[in-house]
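Trainee: One structure coming up, written as C-alpha cells, with questions to follow.
The values are calculated or read from the model by the stated rules, or taken from the named source; none is laboratory data. On a predicted model such as this, the values are computed, not experimentally measured, just so you know. Methodologically, a virtual Cβ is constructed for each residue, glycine included, from the backbone with ideal geometry; neighbour enumeration extends over all protein chains shown.
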2 protein chains.
Amino acid sequence: MKIMIRDSIDGNSNTFFSIGIDIGGTNTDIGLVSHEGILNARHNLKTTQYFDAQLFVNDIVSVICKLMSENNIEKITGIGIGAPCGNFYEGTIDDAKNLNFRGKTPLKKMIETQLHVPIVVTNDANAAVYGEMIYGGAKGMKDVVMFTLGTGVGGGIIIDGKLLYGSDGFAGELGHSILVPGSNRTCTCGSKGCLEMYASIRGVVQTCVELLEQFPENELAKIPRELLSPKIIADAADKGNAVAIETYRKTGEWLGIALANAVVFSSPEAIFLAGGIAKAGEILLKPTRESFAKHKLFIYKNDIPVLMSRLNENEAAILGAASLVF
Amino acid sequence: MKIMIRDSIDGNSNTFFSIGIDIGGTNTDIGLVSHEGILNARHNLKTTQYFDAQLFVNDIVSVICKLMSENNIEKITGIGIGAPCGNFYEGTIDDAKNLNFRGKTPLKKMIETQLHVPIVVTNDANAAVYGEMIYGGAKGMKDVVMFTLGTGVGGGIIIDGKLLYGSDGFAGELGHSILVPGSNRTCTCGSKGCLEMYASIRGVVQTCVELLEQFPENELAKIPRELLSPKIIADAADKGNAVAIETYRKTGEWLGIALANAVVFSSPEAIFLAGGIAKAGEILLKPTRESFAKHKLFIYKNDIPVLMSRLNENEAAILGAASLVF
C-alpha cells in the first residue's frame with residue numbers, strides 16, 4: 001500500500017486534520033483530530049495481538065486510511081504517536097517491556113514508507129500532558145507535571161510551554177524514580193522501590209494484599225488475588241472497607257512524596273493525575289493532597305494544585321499526539 | 001553612597017567586566033570577572049557577622065567599589081549574585097535558613113539604589129552549574145545536573161543550555177527531594193529523609209556516628225562528635241579505617257540513587273558534583289558511580305558520566321553568577 005498524503009488543509013473547509021495515536025500495552029487508539037482539538041472519530045486495535053511490528057504498522061496504516069475515507073478527509077497535516085518508550089529524537093519505540101514486539105522498532109520510518117506525512121513519536125505520558133496543556137485543564141499553563149497511573153506509571157513534564165525531552169529523549173520517566181530505597185518490590189525495570197511499584201495497578205493491588213496478610217478477616221481477603229483490582233478495592237473503600245481505605249491512603253501517602261519530589265525538580269504551576277488508578281477519585285486524591293502538603297518544601301509559597309486530568313481517558317494522549325504535528 | 005556605573009566596556013581595552021557574588025552561609029565571595037571567564041580579583045566578607053541585610057548590602061557595595069578602583073575598572077556590565085534561596089524572578093533572598101537575616105530580602109532592589117547596573121539574583125547552585133557550563137567541565141553541554149554537597153545540598157539544572165527556574169524560580173532544590181521516606185533524620189526544612197540529610201556535612205557525620213554506635217572500638221569513636229568532620233572521616237578512610245570507608249560507601253550508595261532519580265527527570269548528558277563533600281574524591285566517587293550504575297533506568301543507553309566540578313571551589317558560583325549578566 002503506497003498512499004500520498006500532502007501536508008495541506010482539508011479541501012472542503014478551513015479545518016486542518018491530523019491523526020493522533022495512543023499506543024498502550026493493551027489497546028492502541030487511533031483518532032482523527034481537527035486543529036480545534038475535536039476528536040472526530042476513532043478506531044481501536046488490540047496491541048496484545050501483535051508480536052510482529054510490521055503487521056502492527058500495516059494495521060495502523062489501514063485504520064488511518066479507513067478513518068480518512070469514512071470522514072471524507074483527503075489530506076492530513078501529519079501523524080502524532082504516543083507510545084511506551086517512545087523516542088522523540090529517533091522516532092522509535094525502544095525496548096518497551098509491555099509490548100510483544102521487542103528491541104528497537106523504527107516506527108516513524110516504517111509508517112513513512114507507506115504514508116508520506118510528517119510523523120512525530122513521543123512517550124505516551126508526554127502526549128497526555130501535551131494534550132492536557134493544549135486542550136485540557138492545563139490550558140494557559142507553561143510549567144506542568146503529569147503522572148499517568150495505569151498498568152505502569154508514566155510522567156510528562158512541560159517546561160516553559162515545551163515538552164521536556166532531555167539529552168536522549170527520555171526525560172520524565174517519573175514512574176521509575178526510586179521512591180522507597182531498600183523496598184522488596186521489584187519493578188519490571190529491574191530496580192526496587194520505583195514509584196511504579198506503589199502507584200500502578202500492580203502497586204495498589206500489592207499494597208492491598210500486604211494489608212490483607214495483616215487483616216485476613218477482611219471481606220477483600222475472600223477475593224482471589226488474581227481477581228483483585230484497583231476498581232474492586234476503590235468500590236470497597238467507598239463502602240467503608242477499612243483495608244481498602246488504608247490501601248488508597250498509603251498509595252496517596254507515597255504518591256504525595258513523589259509529587260513533592262517533582263516540585264523540587266521543576267517547580268510546576270500544577271500537577272495533573274491521569275490514568276485508571278486516578279479514577280478512584282477522592283479516596284486517592286485526598287490522602288495524596290495531604291501527603292503532598294506535608295512533604296512539599298516550604299520555599300514554594302504558591303499553591304500548586306493537584307488536579308485530575310480534565311480529558312477523557314486516552315483522549316488526552318490522542319489529542320496531545322495529534323497536536324504535536326500541528 | 002551613590003555611584004553611577006554605565007553598562008559599557010572598560011575604557012582601556014575590549015574586555016567587559018562584571019561582578020560575581022557567591023553568598024554562602026559562612027562566607028560571601030565577591031569577584032571581578034572578565035567576559036573571558038577570568039577571575040581577576042576577589043574579596044571576602046564573613047556572612048555570619050551580618051544580622052542586618054542593609055549593613056550586608058552596604059559592605060557588598062563597598063567591596064565592589066574597592067575591587068573596581070584597585071583594578072582601574074570604571075564600568076561594569078552588571079552584577080550576578082548566587083545566594084541560598086535566591087529568587088531569580090523577584091531578585092530576592094527568600095527566608096534562607098542559614099543566613100542571620102531572615103524573611104524576604106530584596107537584594108536586587110537594595111543594591112540597585114546604590115549601583116545603577118543590571119543585577120541578577122539566582123540560587124547559589126544555579127550559579128555554580130552555569131559557571132561549570134560556561135567555563136568548566138560542562139563546556140559545550142546543553143543538559144546538565146549539578147549537586148553541590150556542602151553545609152547543605154544544592155541542585156542546579158540546565159535544560160537545553162538554560163537554567164531551569166520553573167514557575168516560581170525555585171526549580172532544582174534537589175537537596176530537599178525526599179530520598180528515604182520514614183527516615184529518622186529531620187532536615188532543616190522540616191521534612192524527614194531529604195537527600196541533604198545524607199550527602200551534606202551533617203549527613204556524612206551522622207552516618208559515621210550511627211556506624212560508630214555499632215563499632216564503638218573504632219579509632220574514630222575517640223574523636224568527640226562535635227569535632228568529627230567529613231575531612232577527618234575522609235582522611236581516616238584513606239588510611240583504611242573501616243567505619244570511615246563504610247561512611248563514604250553508604251553516602252555514595254544514597255547519592256547514586258539521587259543521581260538516578262535526577263536522570264529520570266531531565267535526562268542530562270552528565271552529572272557534576274561540587275562542594276566540600278565532593279573533595280573526598282574517589283572514596284566517595286567510586287561507590288556513587290557504582291550505585292548510580294545499579295539504579296539508573298535501563299532505557300538510558302548513553303553513558304551519563306558522573307564528574308567532579310573542574311572549577312575551584314567557590315569559583316564556579318562567582319564565575320557563573322558573573323556570566324549571567326554578560
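Trainee: Only one of these conditions is not met by A:Pro268: (1) in contact with a strand residue (DSSP E or B) (Cβ under 6 Å, 6 or more places away or on another chain); (2) away from every other protein chain (no Cβ under 11 Å). Which number is it?
Mentor: It fails just one condition, (2).
For every residue, the table says whether it meets (1) touching a Leu at 6+ places or on another chain (Cβ under 8 Å); (2) closer than 18 Å to B:Gly150 by Cα; (3) among the acidic types (Asp, Glu).
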{"position": "B:Glu213", "(1), (2), (3)": "no, no, yes"}
{"position": "B:Glu217", "(1), (2), (3)": "no, no, yes"}
{"position": "B:Ile245", "(1), (2), (3)": "no, no, no"}
{"position": "B:Gly252", "(1), (2), (3)": "yes, yes, no"}
{"position": "B:Gly256", "(1), (2), (3)": "no, yes, no"}
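One line per residue, one yes/no per condition, for (1) under 30 Å from B:Phe88 (Cα atoms); (2) at pLDDT 95 or above:
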{"residue": "A:Phe215", "(1), (2)": "no, yes"}
{"residue": "A:Asn218", "(1), (2)": "no, yes"}
{"residue": "A:Leu227", "(1), (2)": "no, yes"}
{"residue": "A:Ala242", "(1), (2)": "no, yes"}
{"residue": "A:Ile245", "(1), (2)": "no, yes"}
{"residue": "A:Lys279", "(1), (2)": "no, no"}
{"residue": "A:Ile304", "(1), (2)": "yes, yes"}
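Trainee: Next up: How about the stretch B:221-246: which of its residues are closer than 24 Å to B:Gly152 by Cβ and in contact (Cβ under 8 Å) with a residue 24 or more places away in the chain?
Mentor: Answer for the stretch B:221-246, where residues must be closer than 24 Å to B:Gly152 by Cβ and in contact (Cβ under 8 Å) with a residue 24 or more places away in the chain: B:Ser229, B:Pro230, B:Lys231, B:Ile233, B:Ala234, B:Ala237, B:Ala244, B:Glu246.
Trainee: Could you check how many residues of the stretch B:43-55 are within 20 Å of the chain's Cα centre (by Cα) and either buried (at least 18 other Cβ atoms within 10 Å of the Cβ) or assigned to a loop (DSSP other than H, G, I, E, B) (or both)?
Mentor: 2
Trainee: Taking the options A:Ile257, A:Ile223, A:Ile201, name whichever one is among the β-branched types (Val, Ile, Thr) and more than 20 Å from A:Asn184 (Cβ to Cβ).
Mentor: After ruling out the rest, the residue left standing is A:Ile223.
Trainee: Tally up the residues in the stretch A:179-193 that are in contact with a strand residue (DSSP E or B) (Cβ under 6 Å, 6 or more places away or on another chain) and of a type outside the set (S, T, N, Q), please.
Mentor: Total satisfying the criteria: 3.
Trainee: Turning to a different aspect of this structure: Is it fair to say A:Phe16 is more than 14 Å from every other protein chain (Cβ to nearest Cβ), at pLDDT below 95 and touching a His at 6+ places or on another chain (Cβ under 6 Å)?
Mentor: For A:Phe16, the condition - more than 14 Å from every other protein chain (Cβ to nearest Cβ), at pLDDT below 95 and touching a His at 6+ places or on another chain (Cβ under 6 Å) - is met.
Trainee: Consider A:Thr77 carefully, then state whether it is at pLDDT 95 or above and more than 20 Å from the chain's Cα centre (by Cα).
Mentor: yes
Trainee: Answer with yes or no whether A:Ala322 is touching a residue at least 60 places away in the same chain (Cβ under 8 Å), part of a helix (DSSP H, G or I) and either acidic (Asp, Glu) or away from chain B (no Cβ under 14 Å) (or both).
Mentor: yes
Trainee: May I ask you to list the residues in the stretch B:20-35 that are more than 14 Å from B:Ile76 (Cα to Cα) and either modelled with pLDDT under 90 or surrounded by fewer than 19 Cβ atoms within 10 Å (Cβ to Cβ) (or both)?
Mentor: Passing the criteria: B:Gly24, B:Gly25, B:Thr26, B:Asn27.
Trainee: Another question about this same structure. Looking at the stretch A:197-207, is at least one residue part of a loop (DSSP other than H, G, I, E, B), within 14 Å of another protein chain (Cβ to nearest Cβ), of a type outside the set (S, T, N, Q) and in contact (Cβ under 8 Å) with a residue 24 or more places away in the chain?
Mentor: Looking through the stretch A:197-207, none of the residues is part of a loop (DSSP other than H, G, I, E, B), within 14 Å of another protein chain (Cβ to nearest Cβ), of a type outside the set (S, T, N, Q) and in contact (Cβ under 8 Å) with a residue 24 or more places away in the chain.
Residues checked against (1) in contact with a Lys or Arg (Cβ under 9 Å, 6 or more places away or on another chain); (2) away from chain B (no Cβ under 11 Å):
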position	(1), (2)
A:Gly256	yes, no
A:Asn261	no, no
A:Leu273	no, yes
A:Gly276	yes, yes
A:Phe292	no, yes
A:Leu297	no, no
A:Lys301	no, no
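Trainee: From the list B:Thr148, B:Thr122, B:Thr105, exactly one residue is touching a Ser or Thr at 6+ places or on another chain (Cβ under 7 Å) and among the polar types (S, T, N, Q). Which is it?
Mentor: B:Thr105
Trainee: Next question, about the same structure. List, please: which pairs have Cβ atoms under 6 Å, are six or more places apart or on different chains, and start with a residue in the stretch B:282-293 that is farther than 19 Å from B:Pro230 by Cα and end with one that is among the acidic types (Asp, Glu)?
Mentor: B:Ser291/B:Glu253
Trainee: Something else about it: Within the stretch A:94-103, how many residues turn out to be over 19 Å from A:Cys187 (Cβ atoms) and surrounded by 20 or more Cβ atoms within 10 Å (Cβ to Cβ)?
Mentor: 0
Trainee: For the stretch A:151-188, give me each residue that is at positive phi and within 9 Å of chain B (Cβ to nearest Cβ).
Mentor: Across the stretch A:151-188, the qualifying residues are A:Asp160, A:Gly166, A:Gly169, A:Gly172, A:Gly182.
Trainee: Being surrounded by fewer than 17 Cβ atoms within 10 Å (Cβ to Cβ) and within 16 Å of A:Ala96 (Cα to Cα) is the filter here, so list the residues in the stretch A:56-68 that pass it.
Mentor: Listed by number, the list is empty, since nothing qualifies.
Trainee: For the stretch A:220-237, which positions are under 24 Å from the mean Cα position of the chain (by Cα), in a helix (DSSP H, G or I) and crowded, with 18+ Cβ neighbours inside 10 Å?
Mentor: Selection gives A:Pro230, A:Ile233, A:Ala234.
Trainee: Name every residue in the stretch A:139-150 that is more than 7 Å from chain B (Cβ to nearest Cβ) and closer than 20 Å to A:Ala258 by Cα, in order of residue number.
Mentor: A:Val144, A:Val145, A:Met146, A:Phe147, A:Thr148, A:Leu149, A:Gly150
Trainee: Determine whether the stretch B:179-194 contains at least one residue that is over 25 Å from B:Asn27 (Cβ atoms), modelled with pLDDT of 95 or more and surrounded by 24 or more Cβ atoms within 10 Å (Cβ to Cβ).
Mentor: yes
Trainee: Being farther than 19 Å from A:Ala274 by Cβ, charged (D, E, K, R) and assigned to a helix (DSSP H, G or I) is the requirement here; does A:Glu217 meet it?
Mentor: Here the answer is no, as A:Glu217 does not meet what is asked.
Trainee: Scan A:Ala293, A:Ala258, A:Ala270 and give me the residue that is closer than 24 Å to B:Ile178 by Cβ, touching a Pro at 6+ places or on another chain (Cβ under 7 Å), at pLDDT 95 or above and small (Gly, Ala, Ser).
Mentor: Answer to the check: A:Ala270.
Trainee: Here is a further query. Filter the stretch A:261-311 for residues that are assigned to a helix (DSSP H, G or I) and of a type in the set (Gly, Ala, Ser); which is surrounded by the fewest Cβ atoms within 10 Å (Cβ to Cβ)?
Mentor: Here the residue is A:Ala293.
Trainee: Also, quick follow-up: I'm checking my understanding of the structure. Among residues of the stretch A:272-307 that are touching a Phe, Trp or Tyr at 6+ places or on another chain (Cβ under 7 Å) and hydrophobic (A, V, I, L, M, F, W, C), which one is farthest from B:Ala96 (Cα to Cα)?
Mentor: Checked the stretch A:272-307; the qualifying residue farthest from B:Ala96 (Cα to Cα) is A:Ala280.
Trainee: Name the one entry in B:Leu67, B:Leu55, B:Leu99 that is farther than 24 Å from B:Gly131 by Cα and not polar (S, T, N, Q).
Mentor: Only one candidate passes the filter, namely B:Leu55.
Trainee: One residue is enough: does the stretch B:107-125 have a residue meeting the conditions away from chain A (no Cβ under 14 Å), crowded, with 21+ Cβ neighbours inside 10 Å and under 29 Å from B:Gln206 (Cα atoms)?
Mentor: Among the residues of the stretch B:107-125, not one is away from chain A (no Cβ under 14 Å), crowded, with 21+ Cβ neighbours inside 10 Å and under 29 Å from B:Gln206 (Cα atoms), which makes the answer no.
Trainee: When you check B:Gly152 against the structure, is it crowded, with 24+ Cβ neighbours inside 10 Å and at pLDDT below 95, yes or no?
Mentor: Here the answer is yes, as B:Gly152 does meet what is asked.
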